[in-house]
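Peer 1: Encoded as structure tokens, here's the structure I'll be asking about.
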Amino acid sequence: MVDSGANMDPGSLFSIGEVGETTGLSPHTIRVWERRYGKPQAVRLASGHRRYTQEQVVWLRCVAEALANGHRPGKVLKLEGEELEQLTQRQPGSDLGPLVGQLMDMVYASDSVSLAEELKRCWHNRGARTTIFDAVVPLIHEVGRAWQEDRLTIAQEHQLTEVLQDLLRGFRGQVSATDRNIAESDRVILATLAGERHGLGLQLVALLVALYEREPVLLGVDLPVDEIVRVSKEVPRSPVAISVSTASGGPATDRVISSLRRELHPKTTLLIGGSGARRARRGVRDVVYLPTLAELELWMQSEYGIRPFDQQD
Ligand code: B12
């Protein structure tokens with residue numbers, strides 16, 4: 001459920017202008033929805049100004065994506081969580097958006113060359129945001145579904161992973177700054193925990209971190225806690241971000257996250273993301289849970305005091 005925000009520190013809330021800037025929705029639309037649908041219910045300051053929680057901003061961004069896919073506000077505004085997420089990835093009346101459908105045909109045809117070319121074309125012509133959020137992420141999720149339903153061979157799935165890893169690294173190479181001094185707090189250490197072999201989440205996060213002109217330090221997948229701690233202790237002001245897939249989220253992983261939290265320097269920020277990450281209220285203390293890339297973006301915007309990467313000059 002969306003938090004009412006009543007007990008929140010006003011400093012951690014967003015103004016309607018900031019919400020509009022991050023979601024692309026006009027403040028007028030947001031006010032009309034509150035009146036008409038009762039959502040998002042803003043926190044009112046003594047001055048009468050509206051403020052929104054991070055959770056509400058993420059919800060509004062999902063709403064904006066679903067609307068951009070052609071779904072009706074009356075339907076979209078009633079939804080939350082997984083149901084809403086599905087509409088951000090699918091167009092009405094069809095299972096997939098045309099671009100993802102086309103990319104899936106290439107996966108089925110084991111045509112890595114066309115797949116890579118199409119994604120590069122998307123990156124050059126339609127930009128980083130469309131490529132990440134409208135092509136790569138829905139493609140990964142559709143491949144997961146197809147694999148589960150036995151519509152895809154192991155080789156086809158592996159081939160896609162290889163293509164995406166190469167591309168995401170290549171895109172990152174294009175946006176990474178090479179000629180400036182990187183402050184310790186501007187680095188983000190990225191890893192998955194022991195037993196977790198899903199690495200595309202890390203690549204996506206690394207690309208997003210680079211788009212925000214920060215430096216991802218990739219330790220890769222399947223790392224024991226003491227290895228992550230050893231690297232982090234050298235640079236305690238760099239946040240540590242861990243990707244947890246649905247395959248590995250759960251109480252056993254929570255215990256590993258607790259021990260990682262205990263062993264890291266107390267000042268080191270620990271970010272846990274990926275669809276296996278839990279929500280803050282049920283999770284480990286002193287850990288920032290950011291299950292989606294949209295939440296990572298908001299975190300970076302508030303942490304580093306910067307605007308969305310595609311609105312910077
Ligand atoms: C490719 C793939 C593999 C490859 C991975 C290769 C590689 N080098 O990465 C291989 C073949 C190794 C593999 C193995 C397995 N896989 Co697999 N795999 C996938 C697939 C298709 C993509 C994986 C991936 O990287 N996802 C991770 C990211 C990209 O997705 P995400 O968790 O939703 O994260 C999103 C955000 O949360 C965010 N994010 C991710 N990390 C982070 C971190 C931070 C800090 C932040 C802020 C955000 C963030 O980015 C993503 C984009 O929105 C998924 C399908 C899917 N839907 O994910 C299945 C999937 C994850 N695999 C699955 C399974 C079952 C397995 C195996 C158990 C299969 C087996 N029987 O061996 C093993 C387990 C391996 C292990 N020990 O980890 C299931 C899990 C289902 C479940 N609920 O348990 C899935 C969902 C497929 C399915 N539909 O059944 N897999």
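Peer 1: Test of understanding: among ARG126, ARG172, ARG145, which residue is assigned to a helix (DSSP H, G or I) and either within 30 Å of LYS233 (Cβ to Cβ) or in the same structural domain as SER248 (by TED's automatic domain parsing) (or both)?
Peer 2: That would be ARG172, the only listed residue that is assigned to a helix (DSSP H, G or I) and either within 30 Å of LYS233 (Cβ to Cβ) or in the same structural domain as SER248 (by TED's automatic domain parsing) (or both).
Peer 1: Mind listing whichever residues of region 236-268 are of a type in the set (Ser, Thr, Tyr) and part of a helix (DSSP H, G or I)?
Peer 2: Across region 236-268, the qualifying residues are THR253, SER258, SER259.
Peer 1: Which ones in region 154-166 are within 8 Å of the ligand (Cβ to nearest atom) and over 19 Å from LEU119 (Cβ atoms)?
Peer 2: Selection gives ILE154 alone.
Peer 1: Write out, first by first residue and then by second, each pair whose Cβ atoms fall under 7 Å of each other, whose residues are 6+ apart or on separate chains, and whose first residue, in region 180-199, is outside the structural domain of GLY144 (by TED's automatic domain parsing) and among the small types (Gly, Ala, Ser) while the second is more than 10 Å from the ligand (Cβ to nearest atom) and in a helix (DSSP H, G or I).
Peer 2: ALA191/ILE228
Peer 1: Could you tell me whether any residue of region 194-214 is surrounded by fewer than 21 Cβ atoms within 10 Å (Cβ to Cβ), under 18 Å from the mean Cα position of the chain (by Cα) and away from the ligand (no atom under 15 Å from the Cβ)?
Peer 2: So far as region 194-214 goes, yes, one or more of its residues are surrounded by fewer than 21 Cβ atoms within 10 Å (Cβ to Cβ), under 18 Å from the mean Cα position of the chain (by Cα) and away from the ligand (no atom under 15 Å from the Cβ).
Peer 1: Now for a different question. Taking ASP222, is it within 13 Å of the ligand (Cβ to nearest atom), in contact (Cβ under 8 Å) with a residue 24 or more places away in the chain, more than 23 Å from LEU84 (Cβ to Cβ) and over 20 Å from the mean Cα position of the chain (by Cα)?
Peer 2: yes
Peer 1: Next question. Which of the numbered conditions does ARG151 fail, given that it passes all the others? Conditions: (1) within 12 Å of the ligand (Cβ to nearest atom); (2) touching a helix residue (DSSP H, G or I) at 6+ places or on another chain (Cβ under 7 Å).
Peer 2: (2)
Peer 1: Next up: Determine which member of the set LEU103, LEU152, LEU115 is modelled with pLDDT of 90 or more, on the phi < 0 side of the Ramachandran plot, outside any helix (DSSP H, G or I) and outside the structural domain of PRO216 (by TED's automatic domain parsing).
Peer 2: LEU152
Peer 1: Let me ask you something else. I need a count of the residues in region 243-279 that are without any contact (Cβ under 8 Å) to a residue 60 or more places away in the chain, within 13 Å of the ligand (Cβ to nearest atom), more than 15 Å from LEU223 (Cβ to Cβ) and not hydrophobic (A, V, I, L, M, F, W, C).
Peer 2: Qualifying residue count for the region: 8.
Peer 1: Of all the residues that make up region 40-67, how many are among the hydroxyl-bearing types (Ser, Thr, Tyr) and surrounded by fewer than 19 Cβ atoms within 10 Å (Cβ to Cβ)?
Peer 2: Total meeting the criteria: 1.
The values are calculated or read from the model by the stated rules, or taken from the named source; none is laboratory data. All values reported here derive from a predicted model rather than from experimental measurement. With ideal geometry, Cβ positions are generated from the backbone for all residues, glycine too; neighbour counts draw on all protein chains shown.
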